[in-house]
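Take a look at the structure set out below.
The values are calculated or read from the model by the stated rules, or taken from the named source; none is laboratory data. None of these values were measured; they are calculated from a predicted model. Cβ coordinates were reconstructed from backbone atoms using ideal geometry, including for glycine residues, and neighbour counts include every protein chain displayed. Protein only, heavy atoms only, side chains kept; ligands, DNA and RNA dropped before computing areas. Shrake-Rupley method; radii C 1.70, N 1.55, O 1.52, S 1.80 Å.
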Amino acid sequence: MDSTQAVSKKSPVPGAMLVTSLGLGAGNIGFAAGIFGRLAGDQTLYAATATGVFAGAGAFTLALTIASFIRKNSES
């Protein structure tokens, strides 16, 4: 091994644990968005459920994108 190369550190958080935590957090965001849509937005139950699902999916996608960017750049 070349001594001028820095040894890349392994992330302290396993990938499965990170994805699970992001999924649970996104679920909480979606749940809160659905409740807010039902109460403040005066939506029907169906519309509030759709709002919560799409907000949760969007939050999960955004969080996963950010996490992969951070993990990729922290290995450099």
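The residues on offer are Ala48, Ala57, and the sole one that is out of contact with any Asp or Glu (no Cβ under 9 Å at 6 or more places or on another chain) and under 29 Å from Ala16 (Cβ atoms) is Ala57.
Filtered by the rule that a residue be assigned to a helix (DSSP H, G or I), open to solvent by 50 Å² or more (accessible area, probe 1.4 Å) and either in contact with a strand residue (DSSP E or B) (Cβ under 9 Å, 6 or more places away or on another chain) or not aromatic (Phe, Trp, Tyr) (or both), region 58-76 gives Thr61, Leu62, Leu64, Thr65, Ile66, Ser68, Ile70, Arg71, Lys72, Asn73, Ser74. If a residue must be assigned to a helix (DSSP H, G or I) and either out of contact with any helix residue (DSSP H, G or I) (no Cβ under 9 Å at 6 or more places or on another chain) or loosely packed, with under 11 Cβ neighbours inside 10 Å (or both), how many such residues does region 22-44 contain? Residues meeting the conditions: 2.
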